[in-house]
Amino acid sequence: MDDSLYIKRLKERLRQKPASKVFLSLAEELRKKDRMDEAIAVIVNGIKKNPDFIAARLTLGRWYFLSNMIAEAQKEFSEVIKRSPDNIFAGKWLAEAKKRADVFDNTASDFQAKDRDVIANRLNKFMEGIKSHFDQTASLHRNRDAVVNRLEKFLETIKIRFAASSENPL
């Protein structure tokens, strides 16, 4: 990728002084250029050399959160709070990350616990609706029986796969 002159200068400054905090500016410029993976790598390396640089940790945590890397975001915000207990921003972002993690966890467990039957019922109602639609428009659909047979086979395949996935959850 072609770096802008500013990015080149930041890289050169960082090369000359690897422990400097200029890495945060470089990471931000890379993010602005939609080079998020590279930006995260730069900021992670910079934090290794500057572990008490709170602004960098907050930035990394925010980027993780916005990239749906919730566990990583929680880790960064927790680290900020450990190093700076009064940091309001870290507390706010950590609370948001925990909420999002809870939503993901609850959604997965709710699905496994109760939604299998709901999904099966919805699939059956869907099939009934399709059959009804074909019945109402029989003159337009000469191949109704063939299509219904295919849809029934499709539904059976989904039920079989669904049953197999519920027996072997991830």
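Rundown of residues vs (1) in contact with a Cys (Cβ under 9 Å, 6 or more places away or on another chain); (2) of a type outside the set (K, R); (3) not in a helix (DSSP H, G or I), yes/no style:
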{"residue": "E12", "(1), (2), (3)": "no, yes, no"}
{"residue": "K21", "(1), (2), (3)": "no, no, yes"}
{"residue": "L26", "(1), (2), (3)": "no, yes, no"}
{"residue": "D34", "(1), (2), (3)": "no, yes, yes"}
{"residue": "E38", "(1), (2), (3)": "no, yes, no"}
{"residue": "A41", "(1), (2), (3)": "no, yes, no"}
{"residue": "L58", "(1), (2), (3)": "no, yes, no"}
{"residue": "N68", "(1), (2), (3)": "no, yes, yes"}
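For region 74-90, does any single residue satisfy the condition of being aromatic (F, W, Y), within 21 Å of S20 (Cβ to Cβ) and in a helix (DSSP H, G or I)?
no
Where a number appears in this text, it was derived from the coordinates with a stated rule and is not lab data. This is a predicted model, so every value here is computed, not measured. Counting neighbours? That spans all protein chains shown, and the Cβs are built from the backbone with ideal geometry, glycine included.
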